[in-house]
């Protein structure tokens with residue numbers, strides 16, 4: 001079990017380092033400051049990938065017949081994020097919540113937390 005956590009931690013650190021390198025490259029290649037390029041790269045991953053990645057584990061838990069490989073999960077993550085996030089933001093706008101950077105941030109955070117809650121409930 002400890003080796004599994006260490007492997008997961010090493011993967012997370014690797015992903016963060018890769019995202020940081022991409023941030024530096026974007027900052028050098030454009031006229032953006034470091035903070036602006038950091039916001040662009042990490043914001044894109046946060047909005048366009050993470051919600052779909054979490055929800056792909058809700059729908060396809062890699063047990064039994066519902067197995068998908070890594071490439072399919074990555075493609076499905078982008079597609080689910082592009083479908084789920086705008087729908088959630090726009091429906092909440094119809095209910096009276098104004099669209100802003102903070103409200104969008106919290107909508108994406110709630111989508112991720114709901115997905116993680118469903119995953120934890122399914123594993124129990």
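The values are calculated or read from the model by the stated rules, or taken from the named source; none is laboratory data. Since the structure is predicted, the reported quantities are computational estimates derived from the model, not experimental observations. Don't worry about glycine lacking a Cβ; one is built from the backbone with ideal geometry, like all the others, and counts go over all protein chains shown.
Details
- Hits in region 34-57 (condition: in contact with a helix residue (DSSP H, G or I) (Cβ under 9 Å, 6 or more places away or on another chain), under 13 Å from residue 82 (Cβ atoms) and surrounded by fewer than 18 Cβ atoms within 10 Å (Cβ to Cβ)): 48, 49
- Qualifying residue in region 70-80 (condition: more than 15 Å from residue 111 (Cβ to Cβ), at pLDDT below 95, exposed (fewer than 10 other Cβ atoms within 10 Å of the Cβ) and out of contact with any helix residue (DSSP H, G or I) (no Cβ under 9 Å at 6 or more places or on another chain)): yes
- Scope region 92-111; condition free of Cβ contacts under 8 Å to residues at least 60 places away in the same chain and under 18 Å from residue 52 (Cα atoms); matching residues: 104, 105, 106, 107, 109, 110
- Residues (over 13 Å from the mean Cα position of the chain (by Cα) and either modelled with pLDDT of 95 or more or more than 23 Å from residue 100 (Cβ to Cβ) (or both)) located in region 38-69: 58, 59, 60, 61, 62, 63, 64, 65, 66, 67, 68, 69
- Hey, residue 5 closer than 26 Å to residue 124 by Cβ, out of contact with any strand residue (DSSP E or B) (no Cβ under 9 Å at 6 or more places or on another chain) and not assigned by TED's automatic domain parsing to the domain that holds residue 121 or not: yes
- Answer from 118, 114, 84 - the residue that is in a helix (DSSP H, G or I), without any contact (Cβ under 8 Å) to a residue 12 or more places away in the chain and not assigned by TED's automatic domain parsing to the domain that holds residue 16: 114
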